[in-house]
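Here the structure comes first, spelled out in structure tokens, and everything after it is commentary.
Values in this text are rule-based calculations from the coordinates and carry no lab data. These numbers come from a predicted model, not from an experiment. As a convention, Cβ positions derive from the backbone with ideal geometry for all residues, glycine included, and neighbour counts pool all protein chains shown.
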């Protein structure tokens, strides 16, 4: 016998595969087959194992082999036999039998053990009582004839009927009742043996009763499955009689029944095997794994109730008539219904509810087993625990049956149209207000309001219309009773809030308790009598007009509104995933909206407020553009950066600057890769408007006025070779009007100009050459850059405003200090919590930095150098992490600075602007620092050292004290305090600008250095004007024509002397 995968009807419980024996088995045989004992339909020998096909799907659980015949025992307690049958040992009259045939047993006899001898078979079975009985089939041997029979058998086996008689079918051995509780039988040669147990305290009898009951129950379930359910499902007219909905429920019910039947068969085989082996609690699966049985019966009860609620049993009247005729005696017998004239649908109800009675039988048998153990033993406790669970389930199943019957009768009296739309298989009626026990407040005089409470929803029916309120998203609160004596209940749903009035205080309490219990059961799935939580997790689809129509929300709720984490999905594909507050998107979240024309989606990731994008975030458009910055009321507002262009993954066109109501307004920098230009100036409604600077990749520089996105008005244009034009413009790079064109050599033209720069200019005016004419008036004009561009204080105002807003200030310096520090603490805590949820995001150094920021350097009294150092340390840590508002400010300023002065912006003429911009950063950040630390003095004020001030207070007028130079204090300076933070981050672009500005001087310097490097040391000393008496030359008198050489030792001594002199000068200067 080989075990194969478990595949019962309706699917198997996964846990049972390894716990319970398989019923899908195959029987294989090989060897001598002269009498058909191999069961393959012939009498030939079989040297290789071969499967006996006729035993497939018979659920064979045991096989035994005699001398020349074989037996197979099935889970249905049937015996198949084949082989030699000269003495009736096969239990039937077929001789010989080359294929397995069913042994003829009396009705109601369930064989659960078998053994085969030489010419006989021994069967152990269940009878009418608990004690097992033994059946015998085969050769009848009298006392004293055994040796004679053995001799006859050796002489010739060809005689089919041996002396001594034989049985035509298995017969009962009457003396077996005296053997007690036999657990197994054995047969060999001409002998028989039975193994019996002593019934200690009724323990063995209880085990036998449990196994016998389970075998009998499985036989009944198997008969129902094969004789009733299977023929019914094979009926062609079943679909038209039930309809698709009820047919699906019936198929589910049949699947659950098949699974329960299969589980019972497995358990029966396990109990039988347990009787033959240990006969103890260790192998009792219903005790160790009772949850498998509890869940299976609970699911089956739900399936039966669902079919009953849908009116399925009444719809089976015609199909049952087609299958069983007008006299369904089979249904009457299998359902154990004793009432006469019972209709076929009612018999089917009783038949399908029949297995549920076995749960109580399990409890009874387990309790009986428990009485066999001492009350303080562990085995007794286990049995008591399992009994209590089966007993509780039995009561629950009875209540659920009553609920299904109550619901079914309710649907029979309910209006037909609403029945079709409201009736669902899992829906059960709890209570309803047809007796006007509950009405709607402020309802019309002639209106009809019918409230029906189901286990999943509260239904408000009005005439032919109705509305369903799911219980998972329903809250009910009692309204305090006042002098008006109104017994009201306030019902809160996601889209409606209304008041129900009960007819009396008792009705009010009844409905309040019923609704709360139904809501709690709908949320938890268990029948616990407790108050439902105010905060819960549920799914809901909105139906009213508005932005949420037909949208489905799944997540956390509080009092009828989405609150907490959740997912909101619209039918058109829009999805929001994030946090909610009072029904609106609030906090951090992700949003995506499909763009059908581009077959892509717009995606936003960032902060929300009151259902709109608000705060920092990143918006990725389907067109490829990416905006990273601030939002307000759902639009771009504040500081932000927009990347666009076809090359958006490598070098996109980028705008970074201020936005106002989704438009570029204010100061901003635009790097246009299509033109190779970078604009730094003012914007209005997406257009360049006001003053600004443009630099190009070809070295052109323009500063001046812009109007309607064009160079219009007064401006200055400088080319790479220092040719300069100062005058009027009418379009980009187009001169129009009066101006002055200055050449690189100082010559200039003054007059009217027209035309595009680089494409030929028309000039009407005067040409001046200052070095040829001396008129007493200096005609050379040195154009000063930076006059027509945006001042440093006007740049990046939105960046600093966001920092002030994070500190709780409406304007710079206008806010409460305590609130500012509270906002900093909240920002650090929330961001740190977010990082802790993702440990990979926080490094060890970053964690230490955050720990250092937890201590705020607050002191009382005047500021000292030590406290000033503490503040400086705190600022260094704060600017090292973007979680702190100051760190975020510095990070943003570094980004915009690099964006401005890197790439095309690396123009040498921008150096003064870059330096001025850094100075502006320092002054404005210093303003924030002084707001956070009010004791920090103004720029340039002196901060005394704590030790020197203490000493001065201790000896204010010591006349005899020696005069000493006072220790200098520290000067408060934004440069000294903040430049160490900013300069390392801004140094690369600033150094590039310095290198470009000093490129010519640098080249000239290195040319001179290389030329001087070729000269000897004495020539360099003479060039530098050093007096000869200081020249380090050798003391020997050189001969004529020899050159004087510098001795290396003289160099070293001179260098040491110079170092010593410099040190003395330094210390002397300090004391002065």
Report summary line: With a Förster distance of 30 angstrom and the Cβ-Cβ distance between residue 426 and residue 314, calculated FRET efficiency to the nearest 0.05 equals 0.95
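Given a Förster radius of 35 Å and the C-beta distance between residue 979 and residue 612 as r, what FRET efficiency does 1/(1 + (r/R0)^6) yield to the nearest 0.05? Let's see the in-between values first.
Values: r = 40 Å, r/R0 = 1.14.
Once the sixth-power term is evaluated, E becomes 0.30.
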Report task. Just report the Cα centroid separation between the range 527-576 and the range 339-403, whole Å. Result -> 40 Å
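When the convex hull of the Cα atoms of the range 428-533 is projected onto a plane and the area is averaged over all directions, what value comes out in nm²?
Directional mean of the projected Cα hull area for the range 428-533 stands at 6.9 nm².
If you take the alpha carbon radius of gyration of the range 274-379 and divide it by 2.2 N^0.38 Å, what ratio comes out, to two decimals? Working shown, then result.
Working: Rg = 19.1 Å, N = 106, 2.2 N^0.38 = 12.9 Å.
So the Cα radius of gyration is 1.48 times the expected 2.2 N^0.38 Å.
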Query - Relative intensity, log₁₀ I(q)/I(0), of the range 647-732 from a Debye sum that treats every alpha carbon as a point, q = 0.11, 0.12 Å⁻¹ - result: -0.30, -0.36
Query raised in the report: Roughly how many Å is it from the Cα centre of the range 861-875 to that of the range 977-1017, as a whole number?
Result: 35 Å
Query raised in the report: Each label point is 7 Å from the Cα along the Cα-to-Cβ direction; what then is the distance between the points at residue 526 and residue 341, in nm?
Result: 4.9 nm
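Find how much the distance from residue 707 to residue 434 grows on full extension, using 0.36 nm per residue of separation minus their present alpha carbon separation; answer in nm with one decimal.
In short, 90.7 nm is gained.
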Query raised in the report: Can you give the convex hull volume per residue for the Cα atoms of the chain, as a whole number of Å³?
Result: 466 Å³
Requested in this report: At 25 °C and 0.890 mPa s, grab the translational diffusion coefficient of the range 47-126 from Stokes-Einstein with a Kirkwood Rh over Cα pairs, rounded to a whole number in µm² per second.
Outcome: 194 µm²/s
Query raised in the report: Based on the Cα coordinates of the range 345-418, what is the per residue volume of their convex hull in Å³?
Result: 89 Å³
Query raised in the report: In nanometres, what is the gap between the two model label sites at residue 595 and residue 46, each 7 Å from Cα along Cα-to-Cβ?
Result: 7.2 nm
Report summary line: Fewest to most Cβ atoms within 10 Å: 590, 677, 481 sort as 481, 590, 677
Report summary line: Computed on Cα atoms, Rg of the range 587-669 relative to 2.2 N^0.38 Å comes out at 1.07
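Sorting 467, 120 on the 10 Å Cβ count, fewest up front, what's the list?
Taking fewest neighbouring Cβ atoms as first place, the list is 467, 120.
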Report task. For the range 152-303, go through all pairs of different Cα atoms, get the mean of 1/r, take its inverse, and jot down that Kirkwood value in Å. Result -> 19.7 Å
Requested in this report: Using just the helices of the chain, give the 222 nm mean residue ellipticity in deg cm²/dmol: DSSP H runs with n ≥ 4 each add -39,500 (n - 2.57), and the total is spread over all residues, rounded to 500.
Outcome: -11500 deg cm²/dmol
Query - Computed over the range 428-533: relative contact order in percent, which uses C-alpha pairs under 8 Å that are six or more apart - result: 22 percent
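Find the eigenvalues of the gyration tensor of the Cα atoms of the range 172-234, then list the square roots of 5 times those eigenvalues as equivalent ellipsoid semi-axes, largest first, in whole angstrom.
34, 18, 9
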Query - Simple spin-label estimate for residue 465 and residue 784 in nanometres, 7 Å along Cα-Cβ - result: 7.9 nm
**Report entry** Exposure proxy ranking, count of Cβ atoms within 10 Å, fewest first, for 900, 526, 916
**Finding:** 526, 916, 900
Query raised in the report: What are the semi-axes of the equivalent ellipsoid of the range 362-463, taken as the square roots of 5 times the eigenvalues of the Cα gyration tensor, listed largest first and rounded to whole Å?
Result: 47, 14, 9
Report task. Compute the length gained on full extension between residue 233 and residue 396: take 0.36 nm times their separation in residues and subtract their Cα-Cα distance, giving the result in nm to one decimal. Result -> 55.7 nm
Query - Rounded tilt (10° steps) of 865-878 against the dominant C-alpha axis of the chain - result: 50 degrees
Query raised in the report: Which value, to two decimals, describes the C-alpha radius of gyration of the range 513-660 once divided by 2.2 N^0.38 Å?
Result: 1.32
**Report entry** Distance from the range 784-811 to the range 253-321 (C-alpha centre basis), Å
**Finding:** 77 Å
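Residue 220 to residue 559: FRET efficiency via 1/(1 + (r/R0)^6), r the Cβ-Cβ distance, R0 51 Å, to the nearest 0.05? Before the final figure, lay out the partial values.
Details: r = 52 Å, r/R0 = 1.03.
Efficiency, rounded to the nearest 0.05: 0.45.
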